[in-house]
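Read through the structure below, which is laid out as structure tokens, and then see the notes.
The values are calculated or read from the model by the stated rules, or taken from the named source; none is laboratory data. Nothing here was measured: the structure is a model prediction, and the numbers come from that model. Because the Cβ atoms are built from the backbone with ideal geometry, glycine has one as well, and the counts that use them run over all protein chains shown.
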Amino acid sequence: MKIRIACSDAAFPLMEHDDCLRLIGMLGVEGVDIGLFEERSKLQPSDVFGAPEKNGRALKAKAEESGLSVADVFFQPALDFRKFSINRPDEDVRRQSREDFQRTLEYALAAESYHLTFLPGVHHEGESYEDSLARASEELAWRVERAADAKISFGVEAHVGSLAETPEKILALLEMTPGLMLTLDYTHFMRQGIANEDVHPLLPYASHFHARGAAPGRLQTTVAENGIDYSAIAAGLKEAGYPGFIGLEYTWTEWEGCNRTDNLSETILLRDLLRALI
């Protein structure tokens, strides 16, 4: 299957969501990545979870009106990703997190999404890193099983501030959690000054992919300033037989200064670069 291109609706959060879908359709890409971010995105978990199947079908219909399929549903339960992380020591929080996963899964299936993305958890204060990691692996293994039963691809994003913010740490989590895959995003590694070559070994684990410009110290920047080697990445994805989408993921948020780029122009420039490479 050929690699397809999607665009994140988080690139244009000031627009009404229907208009955002129309704009993404006008970009001529095949899919849309949906951000389901409480306190942040246009579509929020608290809005859609009351009737996840009905709302998922509505999303599918609206995406199709713009010539798009739903490439990914990315769930985050709060603006502060530590607050309701999947590996919180608090059992009540973890129980609620599992319920949220079930509702997100229902929503994504009804939208006929190709993929589902969650965060991997964090190292919690007051306990060892190993304990936080083991609990994250246990929770993710439960989700891997549910996603497999539903026949939907599932991955986590190794991000800045998570317990898997380096290639070595995410590899350890993958190895201890059979079946777990990655929504691979080089920008979180590039921002820390980690070389492309140190991230390339993660390519075979990618079930979804996020692309934007980044540089050391900058989680998001212009294509002209970008330090990520997308030529090598495209070759690596092809070699690995990657079957999914590359999601253009310029976002507009104050976090990490991600509100300082012209997202429309940079999305078009990166789209054209990736089209040439794939």
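Overview of values
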| read-out | value |
| --- | --- |
| Residue satisfying all of: in segment 39-64; among the acidic types (Asp, Glu) and modelled with pLDDT under 95; nearest to residue 113 (Cα to Cα) among these | 47 |
| Residue within segment 55-76 that is closer than 19 Å to residue 9 by Cα, within 20 Å of the chain's Cα centre (by Cα), of a type in the set (Phe, Trp, Tyr) and buried (at least 19 other Cβ atoms within 10 Å of the Cβ) present | yes |
| Complete set of residues in segment 175-205 that are touching a residue at least 12 places away in the same chain (Cβ under 8 Å), in a helix (DSSP H, G or I), more than 16 Å from the chain's Cα centre (by Cα) and surrounded by fewer than 22 Cβ atoms within 10 Å (Cβ to Cβ) | 196, 198, 200, 201, 204 |
| Residues that are in contact with a helix residue (DSSP H, G or I) (Cβ under 7 Å, 6 or more places away or on another chain) and either among the acidic types (Asp, Glu) or not in a helix (DSSP H, G or I) (or both), drawn from segment 123-144 | 123, 124, 139 |
| Pairs, first touching a residue at least 60 places away in the same chain (Cβ under 8 Å) in segment 69-82, second part of a strand (DSSP E or B) and among the charged types (D, E, K, R), C-beta under 8 Å, six or more apart | 71/4; 71/33; 72/33; 74/33 |
| Pairs, first closer than 15 Å to residue 31 by Cβ in segment 231-252, second crowded, with 22+ Cβ neighbours inside 10 Å and basic (Lys, Arg), C-beta under 6 Å, six or more apart | 249/212 |
| Those residues of segment 23-50 which are farther than 27 Å from residue 278 by Cβ, acidic (Asp, Glu) and buried (at least 16 other Cβ atoms within 10 Å of the Cβ), in sequence order | 38 |
| Filter result for residue 266 (modelled with pLDDT of 95 or more, closer than 15 Å to residue 221 by Cβ and touching a Lys or Arg at 6+ places or on another chain (Cβ under 9 Å)) | yes |
